[in-house]
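The values are calculated or read from the model by the stated rules, or taken from the named source; none is laboratory data. Small disclaimer: the values here were computed from a predicted structure and weren't measured. Note: ideal-geometry Cβ built from the backbone for every residue, glycine included; neighbour counts use all protein chains shown. Quick note on the areas: whole protein, heavy atoms, side chains included, nothing else; ligands and nucleic acids left out. Shrake-Rupley method; radii C 1.70, N 1.55, O 1.52, S 1.80 Å.
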Amino acid sequence: MQDLHDLSLMLERNIPLILIESYEEVRVLELLTRVGIKRGIAVQQWTISDGLRRLSFGEDVNGESTSQPVDALKNIKSRKHGGMFLFCDLHPFLDETLVIRLLKDIAIQHEKYPKTLILLSHKIEVPAELQRYSVHFKFQLPDEAELLSLVKEEARRYTKKSGTRVKTDSETLQKVVANLRGLTISDARRLVQGLIVDDGAISLDEVPEVSKAKMELLDMDGVMSFESDTARFNDVAGLSNMKVWLEQRREAFLTANDDMRPKGMMLFGVQGGGKSLAAKAVAGSWGLPLLRLDFGALYNKFFGETERNLREALKLAETMSPCVVWIDEIEKGVSQESNDAGVSQRLLGTLLTWMAEHGEKVFVVATANNIHVLPPELMRKGRLDEIFFVDLPSKEARAAILDIHLRKRDLNSEGVDLLLLADISDGFSGAELEQAVVSAWHSVRGNGAKGLGTEVLMREIQRTQPLSVTMSERMESLRTWADGRSVNAD
């Protein structure tokens, strides 16, 4: 067992403080019991509810009250022999002066009295004066073979209990196992049990629920969110060049080595042009979970916290791989024009380093409205594989967009002259066409109409002033920049 070997090596290095960030308390207790037996060392556990007790015995230590951390640490400090001491949930007390001093005293005595203190909690922030005496120990997460074995074990357990076999297939099992990567054994087991117990089956349509539940377990407090509402390319009109480009790279992303695997793409253009929908369609068409990175939530008033938030978010993306990460309005986080004491530049450096070095299957889709303020380091080839310019939809695309939004609302488009509507909506974005359909639906709903006619839709389109008119200069500026620097998405 790798964890047993690694922890034994750490103890041989005579490190006084070992820090374990984990929710798997039972697993840690089992591991330390095995290490203690193997090394012939008594292991004691401290909790605020029971104080110091021997593992597996439950007797008080020397009859003293050690429920308070200061009392427990004084007890350990006074001993003239070594041992291992597991402190569960000591983190709320790590800002108390006396607790810090006692931990440091025990660490300083380590060479004479080899007492190893193991601090276990979901999150541990060690004071600066204790950092040189401590080291983090990280559990090995189960690989795909172990996760597959776990799924089969839970299926057998269900069959034995219910008398019926669990219904599934090999493709679904592979996708479920891939989505369990990055979870601990206990968390993965609970998710699998939830899948099976519901209906005695593991089906393909349950895979997104596994991704969503996994994302909740790996909570990033709003910095990275799970987007369950993904789309298919059939829901996206136009963008034919981008669709072909993505289809050519789908298999390589899922199977190729790191140096041949596509990294991602940039989409820029007018607001409402379909960039966000395209990002969702990449995940939906490739059958991957979609994570949305919110640069606004990254910012923190404390120096250095913003960059740490980004590192944690990108680490989470690696844990969720294979996945698509959608960085919406990326210019808000790494703009050259930001006046934020250098935070944007540090964020850019963190992002570029990760893009160059990470080896997980994470495909980045960055969207931008204002391409002019993005730094050249981000735009050069090698960071992302391609830059696509999303212009206003063509006549054929506009007709398709109107048809999509009519069908999406269960409205009959057979009697609607879509080509005529596409003609008179020249300069409209996809979002503006959708709003025209919504407005037309509201205008006839009170009359009890079951469908929308061409005239009603035409009236709503003619009443709308599109952004291409009110912001014509900006559109021309985007087209000028795109010429020779990017590929037209359509």
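Please report, as a whole percent, how much of the solvent-accessible surface of the range 418-485 comes from carbon and sulfur atoms (probe radius 1.4 Å).
Details: 1920 of 3960 Å².
Accessible surface attributable to carbon and sulfur in the range 418-485 totals 48 percent.
With each run of n ≥ 4 DSSP H residues scored as -39500 (n - 2.57), what mean residue ellipticity at 222 nm is computed for the chain after dividing by its residue count and rounding to the nearest 500 deg cm²/dmol?
Details: 21 runs with 234 residues, N = 490.
Computed mean residue ellipticity for the chain: -14500 deg cm²/dmol.
Grab the Cα-Cα distance for residue 53 and residue 71, subtract it from 0.36 nm times how many residues apart they are, and report the gain in nm with one decimal. Display every interim value, and only then the final one.
On the way: separation 18, 0.36 × 18 = 6.48 nm, distance 1.33 nm.
Between residue 53 and residue 71, full extension yields an extra 5.2 nm.
Give me a comma-separated list of calculated 3J(HN,Hα) values for the range 119-134, in order, Karplus coefficients 6.51, -1.76, 1.60 applied at θ = phi - 60°, integers in Hz, x for any Gly or Pro.
9, 10, 6, 5, 7, 10, 10, 8, x, 4, 5, 9, 5, 6, 9, 10
Kindly state, to the nearest 0.05, the FRET efficiency for residue 234 paired with residue 419, given R0 = 22 Å and r defined as their beta-carbon distance. Present the calculation step by step, with values, prior to reporting the outcome.
On the way: r = 20 Å, r/R0 = 0.91.
Efficiency, from the Cβ-Cβ distance: 0.65.
Would you work out which of 413, 166, 136 lies farthest towards the positive end of the dipole of the chain? Charges go on Cβ: Lys and Arg +1, Asp and Glu -1.
So the residue furthest toward the plus end is 136.
Can you tell me which aspartates and glutamates have their Cα less than 14 Å from the Cα of residue 80? Leave out same-chain residues fewer than eight positions away.
105, 111
For the chain, what is the percent of antiparallel DSSP beta bridges, rounded to the nearest 5? If you can, show how the numbers build up before the last one.
Values: 9 of 50 bridges.
Within the chain, antiparallel bridges account for around 20 percent of the total.
I'd like the distance separating the alpha-carbon centroids of the range 105-183 and the range 347-416, in whole Å.
Cα centroid to Cα centroid, the span is 37 Å.
For the range 139-244, give the percent of accessible area contributed by carbon and sulfur heavy atoms, probe 1.4 Å, rounded to a whole number. Before the final figure, lay out the partial values.
On the way: 2840 of 5940 Å².
Using a 1.4 Å probe with all protein chains present, the range 139-244 comes out at 48 percent carbon and sulfur.
How many percent of DSSP beta bridges within the range 1-155 run antiparallel, rounded to 5?
Values: 5 of 23 bridges.
Rounded to the nearest five, the antiparallel share is 20 percent.
Counting heavy atoms of the protein chains only and a 1.4 Å probe, report the per residue accessible area for the chain as a whole number of Å². It would help to have the intermediate numbers written out before the result.
Working: 24710 Å² over 490 residues.
The answer is 50 Å² per residue.
Go through 115/315; 175/381; 212/381; 123/263; 38/214; 77/123 and tell me which ones have a Cα-Cα distance over 27 Å in this structure. Each step should come with its number before you reach the end.
On the way: 115/315 34 Å; 175/381 32 Å; 212/381 33 Å; 123/263 32 Å; 38/214 35 Å; 77/123 25 Å.
Table pairs above 27 Å Cα-Cα are 115/315; 175/381; 212/381; 123/263; 38/214.
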